[in-house]
Amino acid sequence: MQVPEQKDLVQSLRTDWGLQLPELVSEEEILRQLERKVMELADRNPESFFQLMYRLDIPEQKVKVVLFEPDAAAQIAGLIYKRQVQKIEVRKMFHRRDDDIDDELKW
């Protein structure tokens with residue numbers, strides 16, 4: 001059985017990155033596919049790559065630090081993975097807060 005957080009993560013990566021991920025997938029497989037996508041996008045269309053980094057709110061400085069490392073794509077895939085997980089956790093936290101608010105007080 002897939003946990004809700006992983007389901008949200010897989011769906012987000014399918015949408016944002018066009019990854020072909022199965023419903024049940026390991027973190028290692030997600031990182032492998034992200035790494036391939038990062039290499040492909042950075043090589044073919046660097047401008048789109050940096051726009052995606054900006055949209056995901058991954059600091060440009062972090063990307064620049066690892067950009068010329070031998071395993072840059074793997075490190076950037078890790079940054080993307082961590083950021084996507086973080087976004088899901090924050091959404092979940094705020095969703096719980098909304099559930100605690102009286103319906104008459106919600107906007």
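Taken together, the values in this text are just the output of simple stated rules run on the coordinates, not laboratory data. Bear in mind that the values here come from a model prediction, so they are computed numbers and not experimental data. Note that each Cβ is placed from the backbone with ideal geometry, even for glycine, and that neighbours are counted across all protein chains shown.
Karplus-based coupling profile of the range 81-94, in residue order and whole Hz: 4, 4, 5, 5, 4, 4, 4, 5, 5, 5, 4, 5, 4, 6, with θ = phi - 60° in 6.51 cos²θ - 1.76 cosθ + 1.60 and x standing for Gly or Pro. You can think of it this way: the chain between Phe68 and Phe50 has 5.0 nm of extra reach, that is 0.36 nm per residue less the Cα-Cα gap.
Report note on the peptides 54-65, 80-91: ranked by the mean count of other C-beta atoms within 10 Å, highest first, their order is 80-91, 54-65.
A simple spin-label model places pseudo-atoms 7 Å from Cα toward Cβ; at Gln61 and Glu28 they are separated by 3.4 nm.
Remark: the range 56-71, residue by residue, has Karplus-estimated 3J(HN,Hα) of 7, 6, 9, x, 4, 4, 5, 5, 4, 4, 9, 4, 9, 7, x, 10 Hz, where x stands for each Gly or Pro and the curve is 6.51 cos²θ - 1.76 cosθ + 1.60 at θ = phi - 60°. Can you bin the range 1-96 into rounded, prolate or oblate? Criterion: square roots of the alpha carbon gyration tensor eigenvalues sorted a ≥ b ≥ c, rounded for a/c under 1.5, prolate for a/b above b/c, oblate for the rest. Taking the square roots of the gyration eigenvalues as a ≥ b ≥ c, the range 1-96 is prolate. Amide hydrogen proximity for Leu19: with H placed 1.01 Å from N in the peptide plane, the residues at 5 or more positions away or on another chain lying under 5 Å are Arg14. Under 23 Å between alpha carbons, and skipping anything fewer than 8 positions from Lys7 in its own chain: which lysines qualify? Correct list for Lys7: Lys37, Lys82, Lys87, Lys92.
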